[in-house]
1. Can you name every residue in the range 256-283 that is assigned to a loop (DSSP other than H, G, I, E, B) and more than 24 Å from the chain's Cα centre (by Cα)?
2. Given the criterion at pLDDT 95 or above, under 25 Å from Ser370 (Cα atoms), touching a strand residue (DSSP E or B) at 6+ places or on another chain (Cβ under 8 Å) and of a type outside the set (Asp, Glu), identify the matching residue among Leu210, Leu177, Leu191.
3. Considering the range 180-202 alone, what residues qualify as being under 18 Å from Ser242 (Cβ atoms), open to solvent by 10 Å² or more (accessible area, probe 1.4 Å) and touching an Asp or Glu at 6+ places or on another chain (Cβ under 9 Å)?
4. Right, Gln317: of a type outside the set (A, V, I, L, M), at pLDDT 85 or above and outside any strand (DSSP E or B) or not?
5. Can you pull out the residues in the range 127-146 that are touching a Gly at 6+ places or on another chain (Cβ under 8 Å), open to solvent by 40 Å² or more (accessible area, probe 1.4 Å) and either of a type outside the set (A, V, I, L, M) or not in a strand (DSSP E or B) (or both)?
6. Select from the range 291-308 the residues that are assigned to a strand (DSSP E or B) and open to solvent by 10 Å² or more (accessible area, probe 1.4 Å) and list them in ascending order.
7. Keeping to the range 137-180, report how many residues are over 14 Å from Asn86 (Cα atoms) and aliphatic (A, V, I, L, M).
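The values are calculated or read from the model by the stated rules, or taken from the named source; none is laboratory data. Predicted model, so just to flag it, every value in this text is computed and none were measured. No Cβ is skipped: glycine too gets one built from the backbone with ideal geometry, and neighbour counts run over all protein chains shown. The area values use the complete protein model at the heavy-atom level, side chains included, leaving out ligands, DNA and RNA. Shrake-Rupley method; radii C 1.70, N 1.55, O 1.52, S 1.80 Å.
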Amino acid sequence: MKFCPVSRFSLLVCSLSAWLLCNGEPSGIRVPLKNDIGISSRMPRAAETDRRQSINFMEMIDNLRGKSGQGYYVEMTIGTPPQKLNILVDTGSSNFAVGAAAHPFLKRYYRRNLSGTYRDLRKSVYVPYTQGKWEGELGTDIVSIPHGPNVSVRANIAAITESDKFFINGSNWEGILGLAYAEIARPDENLEPFFDSLVKQTQVPNIFSLQLCGAGFTLNETDAASSVGGSMYNYDKSIVDSGTTNLRLPKKVFQAAVKSIKAASSTEKFPDGFWLGEQLVCWQVGTTPWHIFPTISLYLMGEATNQSFQITILPQQYLRPVEDVATSQDDCYKFAISQSTTGTVMGAVIMEGFYVVFDRARKRIGFAVSTCHVHDEFRSATVEGPFFSTNMEDCGYNIPQTDESTLMTIAYVMAAICALFMLPLCLMVFQWRCIRCLRQEHDDFADDISLLK
């Protein structure tokens with residue numbers, strides 16, 4: 001899979017397609033995703049070479065902590081003397097920003113006035129996300145990762161002074177590390193992201209890897225789920241985003257996926273709010289019926305247009321365990337698939353099944369099964385392929401003609417309705433102006449006659 005230097009970096013499957021494919025295998029829902037640069041099911045050879053030659057940025061970090069519902073973070077130090085902060089790792093954005101003012105959800109924050117190496121850039125910045133936003137002031141300072149590469153760099157930092165629904169209570173992180181490309185940095189692409197500064201100022205290669213390990217829970221021995229079916233296109237982009245929790249799908253794909261999962265798990269009854277992520281479902285500890293839920297497979301186009309790979313996730317990933325609930329004696333879950341208006345987003349619940357390599361230098365992403373993913377006796381997250389077809393691009397760019405025809409029909413109907421309403425109005429206005437003109441001529445004629453008398 002690839003990084004492309006447009007939009008949000010992560011998986012960056014630009015102009016990707018996704019559809020649900022029915023087949024006879026017991027692997028559940030399949031969602032083929034298409035991109036136009038490439039993906040590898042194993043670590044790219046270039047990445048293996050870089051690992052031997054130099055330090056792989058994220059592999060050296062031994063304190064990557066957190067969970068999908070609240071985000072994964074790493075400890076970093078900022079300033080002189082160093083101030084320790086936990087920073088959210090986000091592959092879907094490009095700004096490095098830290099809390100720099102007191103906030104109810106922050107135990108500590110960055111104090112610029114205490115750093116002898118802080119430099120004020122005298123420029124403000126505003127960054128909105130899918131959920132939450134912040135604004136702050138730009139500057140630079142010395143940054144290092146205590147449990148990562150033994151290096152320090154001078155990097156751009158946004159000091160967050162105001163925020164709304166950005167920090168999460170109990171998440172234990174105080175800032176965000178955007179690892180995407182400069183093209184989506186705020187306020188503009190001229191602001192160099194942290195990772196670019198790291199590569200330029202040190203011997204760290206332009207590649208990193210992430211292995212997100214969720215909270216984990218007890219698993220049961222279950223039977224494999226049966227297949228489900230349907231078909232749908234996703235003709236917008238897709239990204240791999242560690243800063244997003246859910247697997248987010250375009251509306252039609254989401255609706256088809258929910259319909260299929262409902263059909264497969266019909267032996268249990270779920271409230272409508274569960275499928276919208278608004279309500280939890282709970283079972284007694286150790287009795288979650290995993291076997292009734294299907295797996296979900298996503299197809300991703302390879303570096304060649306006739307090549308694809310398949311990654312498969314388990315219900316133990318898309319049903320996210322929720323711990324802080326009143327019914328602490330039960331195993332409770334939240335549905336971690338949601339609707340998107342901006343294409344497919346493969347969030348943390350997807351990444352928790354895989355070791356993901358982000359090869360920024362060669363603009364591609366590699367997947368391998370994680371050593372810490374949740375599995376049971378019968379099913380496991382998998383990476384399979386390559387599979388070959390004539391041209392995988394076709395499934396991504398062919399928008400269904402029925403949708404275009406429907407839109408055109410609606411447009412013509414609306415135009416006709418407007419014309420029907422406008423025509424009488426135009427006639428009435430024309431008639432009114434004609435009558436007014438006739439009256440004016442009559443009055444002028446009468447005035448002329450009176451003058452003659």
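1. Start the filter on the range 256-283 by keeping residues that are assigned to a loop (DSSP other than H, G, I, E, B), which leaves 265-271, 276-280.
Listed by number, the residues that qualify are Ser265, Ser266, Thr267, Glu268, Lys269, Phe270, Pro271.
2. On the way: Leu210 fails: at pLDDT 95 or above; Leu191 fails: under 25 Å from Ser370 (Cα atoms).
The match here is Leu177.
3. Matches in the range 180-202: Tyr181 only.
4. Details: of a type outside the set (A, V, I, L, M): yes; at pLDDT 85 or above: yes; outside any strand (DSSP E or B): yes.
Yes; evaluated as a whole, the condition is true for this residue.
5. Going through the range 127-146, the residues touching a Gly at 6+ places or on another chain (Cβ under 8 Å) turn out to be 129, 141-142.
Subset that is open to solvent by 40 Å² or more (accessible area, probe 1.4 Å): 129, 142.
Answer for the range 127-146, where residues must be touching a Gly at 6+ places or on another chain (Cβ under 8 Å), open to solvent by 40 Å² or more (accessible area, probe 1.4 Å) and either of a type outside the set (A, V, I, L, M) or not in a strand (DSSP E or B) (or both): just Tyr129.
6. Kept after step one, since they are assigned to a strand (DSSP E or B), are these residues of the range 291-308: 296-301, 307-308.
Residues satisfying the conditions are Tyr299, Gln307.
7. Here the count works out to 11.
Residues are listed down the side, and each one gets a yes or a no for (1) over 26 Å from Lys133 (Cα atoms); (2) touching a strand residue (DSSP E or B) at 6+ places or on another chain (Cβ under 9 Å); (3) open to solvent by 20 Å² or more (accessible area, probe 1.4 Å):
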residue: Val240; (1), (2), (3): no, yes, no
residue: Thr245; (1), (2), (3): no, yes, yes
residue: Lys252; (1), (2), (3): yes, no, yes
residue: Ile261; (1), (2), (3): yes, yes, no
residue: Ser266; (1), (2), (3): yes, no, yes
residue: Pro271; (1), (2), (3): yes, yes, yes
residue: Gln279; (1), (2), (3): no, yes, yes
residue: Trp283; (1), (2), (3): yes, yes, yes
residue: Gly286; (1), (2), (3): yes, yes, yes
